[in-house]
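The values are calculated or read from the model by the stated rules, or taken from the named source; none is laboratory data. Here the structure is a predicted model, which is why all the values come from computation and not from measurement. Ideal geometry is used to build each Cβ from the backbone, glycine not excepted, and the neighbour counts take in all protein chains shown. Quick note on the areas: whole protein, heavy atoms, side chains included, nothing else; ligands and nucleic acids left out. Shrake-Rupley method; radii C 1.70, N 1.55, O 1.52, S 1.80 Å.
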Amino acid sequence: GMLRRSLASVRLCVCLAVVSKAAADVARIPLRCADKAAFRRNGSGGAVATVPLVDHYSIMFYAEIALGTPRQTLKATLRTGASDSWFPLHGAVGEETNHFWFSPRASSTHRPLNRRFHQDGATGLWSEDTLTIGGLEAPRFPFGIASRVDDNKYARKAWDGAIGLGFGTSGVPTLLDTLRKAGQISDPSFAMYLGRDGNSGELALGGAVREHIVGKRRYANIRNDSSGWEVPLDAVWVGDERGFTDVTYGSLDPYFSMLIGPPHHVRYLAGKWGAKKNQDGFWEVECDREGPPLRFRIGGGGYALAKQDLVLRLRSQCYLLVQETSGPWYLAAPFLRKFYVLFDGARKRVGISIAKHPANNFV
């Protein structure tokens, strides 16, 4: 239906930029598709590379990157739950596809590594080449070139491949590792600002941007054994009536367009909203219905999602932005739109603050 088509078409577009150094530790970047500087000051006085992001339908996001020499433009979903990156070869999903693919033969800087690669249903070989994102260049960036993609939903995805922003656990350098080694960033951190109601968003590499923050930032350490950005969950509350303490951690990941939680949590929330599951597995709710907020307690701080965060309206139909799965909570796009999160790689922690949106500051 309309929701499924929207999920397949939604994007987060990263406009490429050309970097020019104007003075020590300051870089001015003329952007080809946005009239604003792509380097700003963070709260500590350092320079942070920022990439304009376009939010379409406020559901799913991807970044436009370039690989190789000369550059081949591709669309990448951002994965904080994984550290490895991959892009498809021609024919990886059949001849009839709307996806773009990477051509190693067309790049003079490509270097095959001849080791097997497997992730997200994509299989192939590891390679190295220059990756460009927001005007920053990561030379000899390692990624998988997928000769086959088994995910039957891939044909409907808005993106071509994936960039991993998790912690490297396989010994393969991550994007942040490669950018730091090349002197493109000094701090292995990043932050995401997801726009609301069609307003643009932003990915910051090397830190966070203060102007997107309302109030103070609270910090929470990630789990010691985590390869992604997993934070301890003290409790999950539906309004003030019911608290769940059986799930001990949550994963911060913009890859998912909906919040994903344990079935008994989600069904209790849906019941309080009077939501009914349709044949496609989405929770439909009356658009004028009011319901309780969903609250997460993380590292001693409380974070609540209200109706404007939990309910998506598409034409005359409204949907509760939650789905069920066994395992932890995935604090996905709805959470990361309400809250501006600094993913602090150096200290292995996250800093969470209320995101400042044009229409509402959510104080």
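Residue check: Lys216 meets all listed conditions (1) surrounded by 15 or more Cβ atoms within 10 Å (Cβ to Cβ); (2) part of a strand (DSSP E or B); (3) basic (Lys, Arg) but one, namely (1).
Screening Leu331 with (1) crowded, with 19+ Cβ neighbours inside 10 Å; (2) free of Cβ contacts under 8 Å to residues at least 40 places away in the same chain gives one miss only, at (2).
Residues in the stretch 173-192 that are closer than 28 Å to Ser257 by Cα, surrounded by fewer than 19 Cβ atoms within 10 Å (Cβ to Cβ) and in contact with a strand residue (DSSP E or B) (Cβ under 7 Å, 6 or more places away or on another chain): Pro173 only. The set of residues in the stretch 119-134 that are at pLDDT below 90 and surrounded by fewer than 22 Cβ atoms within 10 Å (Cβ to Cβ) comprises Gln119, Asp120, Gly121.
Contact map, the stretch 108-132: first residue in contact (Cβ under 8 Å) with a residue 60 or more places away in the chain, second residue of a type in the set (Lys, Arg) and not in a strand (DSSP E or B), Cβ cut-off under 7 Å, separation 6 or more or different chains; pairs are Thr132/Arg71. Within the stretch 174-190, is there a residue that is part of a strand (DSSP E or B) and at negative phi? Yes - at least one qualifying residue is present in the stretch 174-190. Step by step: first the residues of the stretch 315-328, then only those that are in a strand (DSSP E or B) and not charged (D, E, K, R), then the one that is surrounded by the most Cβ atoms within 10 Å (Cβ to Cβ). Which residue is that? The residue in question is Leu320. Tell me whether the stretch 160-168 contains one or more residues that are hydrophobic (A, V, I, L, M, F, W, C), in a loop (DSSP other than H, G, I, E, B), open to solvent by 30 Å² or more (accessible area, probe 1.4 Å) and over 30 Å from Pro358 (Cβ atoms). There is at least one residue in the stretch 160-168 that is hydrophobic (A, V, I, L, M, F, W, C), in a loop (DSSP other than H, G, I, E, B), open to solvent by 30 Å² or more (accessible area, probe 1.4 Å) and over 30 Å from Pro358 (Cβ atoms). Contact map, the stretch 137-160: first residue over 15 Å from Trp101 (Cα atoms), second residue part of a loop (DSSP other than H, G, I, E, B) and hydrophobic (A, V, I, L, M, F, W, C), Cβ cut-off under 7 Å, separation 6 or more or different chains; pairs are Glu137/Ala182; Ala138/Ala182; Pro139/Ala182; Pro142/Val172.
For the stretch 240-282, residues that are more than 18 Å from Leu312 (Cα to Cα), open to solvent by 20 Å² or more (accessible area, probe 1.4 Å) and in a strand (DSSP E or B) total 3. Restricting attention to the stretch 68-118, the residues being crowded, with 18+ Cβ neighbours inside 10 Å, within 20 Å of the chain's Cα centre (by Cα) and assigned to a strand (DSSP E or B) number 9. Listed conditions (1) farther than 30 Å from Gly168 by Cβ; (2) modelled with pLDDT of 95 or more; (3) part of a strand (DSSP E or B) are all met by Ser353, apart from (1).
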